[in-house]
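One structure below.
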Amino acid sequence: MNKRRLFLLFALILWIVFIFSHSLQPAAASTQESDGVRRLLSLLVRHELSSVFVRKLAHFAEFWVLGVLAAPLFAGRKTMRPLPVLFYSAVLGMTAALCDETIQLFVAGRDGRILDVWLDFAGACTGAAVILALLLSAQKILPAVRTAAAGGSKPKASGTKKL
């Protein structure tokens, strides 16, 4: 495993630990943290945001980052097959979401919700899809940039006649 993929794996594991550590917080601590984030976001957007909206946004955002970290980890170096990358990222997102909500079943004042599983899953899929789109566009653009930087042009197809 190269250094880049090892770094991504380490970052992904740390991020999952971050997500699960928030699920282990009792309801009072979680509410206090959410209220602080809500106040900050309300100041930034200059509009009062509801606690429910901020909590659901947090679910989506946490798992969006998970998808952003997972997609390049599952992508190959030279040839990338988009569907397996998206599939593995989605499976990881769903597995982490199910574990996350299950953890909350055992924490004081918290409960696991199926809506949150689907929000988490949607966030992971969206993050993976964004990164996948960026990787695919870079895969198409970079060869042209390299050719132009080398000062060359595309080689002519064999079988063409010189005049």
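One table, with the values for the structure above:
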item	result
GluC sites (Glu not before Pro) restricted to DSSP loop in segment 39-137 with at most 12 other C-beta within 10 Å	Glu48
Only Lys, Arg (+1) and Asp, Glu (-1) charged, at Cβ; segment 3-148 dipole about Cα centre in debye	900
FRET efficiency, His47 to Val107 (Cβ-Cβ, R0 25 Å, nearest 0.05)	0.20
Separation in nanometres of the label points that stand 7 Å from Cα toward Cβ, at Lys3 and Leu40	3.2
Efficiency of FRET from Cβ geometry, Ala150 and Val91, R₀ 45 Å, rounded to 0.05	0.65
Radius 12 Å from Cβ of Gly123, net charge of other residues (Lys, Arg +1; Asp, Glu -1)	-3
Protection proxy ranking of 105-112, 82-89 - average other beta-carbon atoms within 10 Å, highest first	82-89, 105-112
Charge tally in the Cβ shell below 14 Å around Ser30, where Lys, Arg are +1 and Asp, Glu are -1, Ser30 excluded	-2
0 to 90° range, to nearest 10: angle between helix 3-23 axis and the chain longest Cα axis	20
Phe20-Ala138 FRET efficiency (beta carbon distance; Förster radius 25 Å; 0.05 resolution)	0.20
Ratio of the Cα radius of gyration of segment 52-97 to 2.2 N^0.38 Å, where N counts its residues	1.31
C-alpha long axis of helix 114-149 to longest principal axis of the chain, angle in °	20
D_trans [Stokes-Einstein, Kirkwood Rh over alpha-carbon pairs] for the chain, 20 °C, 1.002 mPa s, µm² s⁻¹	117
Rg/Rg_globular for segment 25-84, with Rg_globular taken as 2.2 N^0.38 Å and Rg from C-alpha atoms	1.61
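Values in this text are rule-based calculations from the coordinates and carry no lab data. From a predicted model like this one, the values you see are computed outputs, not experimental measurements. Don't worry about glycine lacking a Cβ; one is built from the backbone with ideal geometry, like all the others, and counts go over all protein chains shown.
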